[in-house]
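One structure follows; several queries about it will come next.
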Amino acid sequence: MLGESFDGFIDLAKELDEIAKDCSDEKRKNALEKGSDIIVKDARARAPVDTGLLSQKGIAAEVVSGEEADIGWTADAFYGRFLEMGTSKMSARPHLRPAYEAKKNQVIEVMRKELNLD
């Protein structure tokens, strides 16, 4: 299970749930995987790189049902949330939220296409 989730992802999931309510669970899972991969790829490219873990495998997506995909940091890259949000001693260096904002429309298009809704 991945660490964090953002309200934006939850909103996107709700919107896509309405779009895909008549599709099979397997189709919805495939669409979620394709959509999640877009955000993960962009977030990895935006991630600050010291050890490279965040930009390689530390940001991942896990489809937990035909209705939900978690996108966040793996246990090995738990520090990603500190970079994303900042701490009392460090400014935020967001990478997951900007990836979501930049790619959410593309995700919707890809998922609509995967669900044959175009």
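The values are calculated or read from the model by the stated rules, or taken from the named source; none is laboratory data. Predicted model only: the values in this text are computed from it and were never measured. Every residue, glycine among them, receives a Cβ derived from its backbone with ideal geometry; neighbour counts consider all protein chains shown.
When the residues of segment 39-52 are narrowed to those that are without any contact (Cβ under 8 Å) to a residue 60 or more places away in the chain and among the hydrophobic types (A, V, I, L, M, F, W, C), which ends up nearest to Glu26 (Cα to Cα)?
Keep residues of segment 39-52 that are without any contact (Cβ under 8 Å) to a residue 60 or more places away in the chain, which gives 40-41, 43-52.
If we keep only those that are among the hydrophobic types (A, V, I, L, M, F, W, C) too, we end up with 40, 43, 45, 47, 49.
On the way: Val40: 21, Ala43: 26, Ala45: 29, Ala47: 31, Val49: 35 Å.
Step by step, filter segment 39-52, then rank; the result is Val40.
Within segment 53-93, which residues are assigned to a helix (DSSP H, G or I), closer than 19 Å to Ile38 by Cβ and touching a residue at least 40 places away in the same chain (Cβ under 8 Å)?
Of everything in segment 53-93, those that are assigned to a helix (DSSP H, G or I), closer than 19 Å to Ile38 by Cβ and touching a residue at least 40 places away in the same chain (Cβ under 8 Å) turn out to be Leu54, Gly80, Glu84.
Please enumerate the residues belonging to segment 65-101 that are of a type in the set (A, V, I, L, M, F, W, C) and surrounded by 13 or more Cβ atoms within 10 Å (Cβ to Cβ).
Kept after step one, since they are of a type in the set (A, V, I, L, M, F, W, C), are these residues of segment 65-101: 69, 71, 73, 75, 77-78, 82-83, 85, 90, 92, 96, 99.
Ala69, Ile71, Trp73, Ala77, Phe78, Phe82, Leu83, Met85, Leu96, Ala99 - these are the residues of segment 65-101 that are of a type in the set (A, V, I, L, M, F, W, C) and surrounded by 13 or more Cβ atoms within 10 Å (Cβ to Cβ).
Every residue, every condition in (1) out of contact with any Lys or Arg (no Cβ under 7 Å at 6 or more places or on another chain); (2) modelled with pLDDT of 90 or more; (3) hydroxyl-bearing (Ser, Thr, Tyr); (4) within 29 Å of Lys113 (Cβ to Cβ), yes or no:
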position: Arg28; (1), (2), (3), (4): yes, no, no, yes
position: Glu33; (1), (2), (3), (4): yes, yes, no, yes
position: Ser36; (1), (2), (3), (4): yes, yes, yes, yes
position: Ile39; (1), (2), (3), (4): no, yes, no, yes
position: Ala69; (1), (2), (3), (4): yes, no, no, yes
